[in-house]
Amino acid sequence: MSQQEILDKLANAVVAGDREACKRIANEALGAGVDPYVAIMQGCSKGMEILSKKYDEGEAFVPEILVSADAMNDAIAILKPHMKVEKATTKGKVALGVCEGDVHDIGKNIVKIMLDAAGYEIIDLGPSVPVKTFVETVREKKPDILGISALMTMTMTGMEEVIVALKDCQLRDNVKVIVGGGPISNEYAEKIGADGFGDNGPDAVKLVGKIMAEKGGSA
C-alpha cells in the first residue's frame, strides 16, 4: 500500500468518526515509515478539513464533528510520540483557543501537540472560546503568549474583539497575541494588532520561540 493510500484511508476514517480504524491506520502508517507529522497533516487534518467543508455547507453537524475529533485524537495519540520536533531554545507558557462560535480545532490541536513536544507549558482553552474567557485566562494564568485560531470567516472577527478587550482591561501589554487558521493571513494579523501569524504547526513553534527569545525567556 502506498503512502498516499494510507493517508487517504486515515482521512476517510476521521471523516467517518471510526476510532478503531483511526488507531489501526495510524499504526499502519508508522509501520510503513510514514512521517508522523505528514500523517497528522495529510491524513488527520485532511479528514477534518473535508468534514469542516461539509459543516459549512450544511451537510454535517456539530455532533459529527465531535465524534470525528475524538477519532482524530486517537490517531494523534499514537502518532505524536514518534514526531521529531526540534526543541525550542526558549520555554514559556502558551494559552491556545478557538474563536467563539467556531468548533473547528484541528489547527489548534496540531499547534498544541508541537508546542507541547517542544517543551512549552500549554493552557488549552478548547473550541468556541468566549472573549471573556480569553481575557480572564490572561489575567489569571498569565501566559506569555495567547494563540487564537479560527477556520471560518464569520468567527475570525473574534480575534480583534479579544485584542480590544485586552486593551480595555489594560492587559494587552502583559501578553503577546498570535493568530492562525484557514482564513487568516499575515496582513490580517497586522491589521488587528496581533503580534504574529503562524501558518502551521512548525511555523507556530518558530514564532513562539522567536517571541520568547525577544521577551528574554530562558531555556
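The values are calculated or read from the model by the stated rules, or taken from the named source; none is laboratory data. Fair warning: this is a prediction, and the values are worked out from it, not measured in the lab. Neighbour counts run over all protein chains shown; Cβ positions are idealised from the backbone, glycine included. The area values use the complete protein model at the heavy-atom level, side chains included, leaving out ligands, DNA and RNA. Shrake-Rupley method; radii C 1.70, N 1.55, O 1.52, S 1.80 Å.
Go through the stretch 1-117 and tell me which helices (runs of 4 or more DSSP H), entirely inside it, have 3 or more residues that are acidic (Asp, Glu) and closer than 30 Å to residue 214 by Cα.
Counting at least 3 such residues, we get no helices (runs of 4 or more DSSP H) at all.
Examine the stretch 164-175 for a residue that is hydrophobic (A, V, I, L, M, F, W, C), within 14 Å of the chain's Cα centre (by Cα) and on the phi < 0 side of the Ramachandran plot, and state whether such a residue exists.
no
Looking at (1) under 16 Å from the mean Cα position of the chain (by Cα); (2) without any contact (Cβ under 8 Å) to a residue 60 or more places away in the chain, which one does residue 75 not meet, given that it meets all the others?
Failing condition for residue 75: (2).
Mind listing whichever residues of the stretch 55-72 are farther than 22 Å from residue 1 by Cβ and surrounded by 15 or more Cβ atoms within 10 Å (Cβ to Cβ)?
Of everything in the stretch 55-72, those that are farther than 22 Å from residue 1 by Cβ and surrounded by 15 or more Cβ atoms within 10 Å (Cβ to Cβ) turn out to be 55, 60, 64, 65, 67, 68, 69.
Could we say that residue 19 is more than 20 Å from the chain's Cα centre (by Cα) and closer than 15 Å to residue 69 by Cα here?
yes
Looking at the stretch 157-167, can you tell me whether even one residue there is crowded, with 16+ Cβ neighbours inside 10 Å and part of a loop (DSSP other than H, G, I, E, B)?
No, every residue in the stretch 157-167 fails to be crowded, with 16+ Cβ neighbours inside 10 Å and part of a loop (DSSP other than H, G, I, E, B).
If a residue has to be at positive phi and not small (Gly, Ala, Ser) to count, how many in the stretch 105-144 make the cut?
Residues meeting the conditions: 1.
Would you pick out the residues in the stretch 22-56 that are within 15 Å of the chain's Cα centre (by Cα) and among the hydroxyl-bearing types (Ser, Thr, Tyr)?
Matches in the stretch 22-56: 37, 45, 52.
Say whether the condition of being over 16 Å from residue 201 (Cα atoms), in contact with an Asp or Glu (Cβ under 8 Å, 6 or more places away or on another chain), in contact (Cβ under 8 Å) with a residue 12 or more places away in the chain and open to solvent by 10 Å² or more (accessible area, probe 1.4 Å) is met by at least one residue in the stretch 20-41.
Yes - at least one qualifying residue is present in the stretch 20-41.
Within the stretch 178-207, can you find the residues that are in contact with a strand residue (DSSP E or B) (Cβ under 6 Å, 6 or more places away or on another chain), among the aliphatic types (A, V, I, L, M) and part of a helix (DSSP H, G or I)?
Listed by number, the residues that qualify are 189, 207.
Determine whether residue 160 is farther than 20 Å from residue 49 by Cβ, of a type outside the set (Phe, Trp, Tyr), at pLDDT 95 or above and in contact with a helix residue (DSSP H, G or I) (Cβ under 6 Å, 6 or more places away or on another chain).
When the stated conditions are applied, residue 160 passes them.
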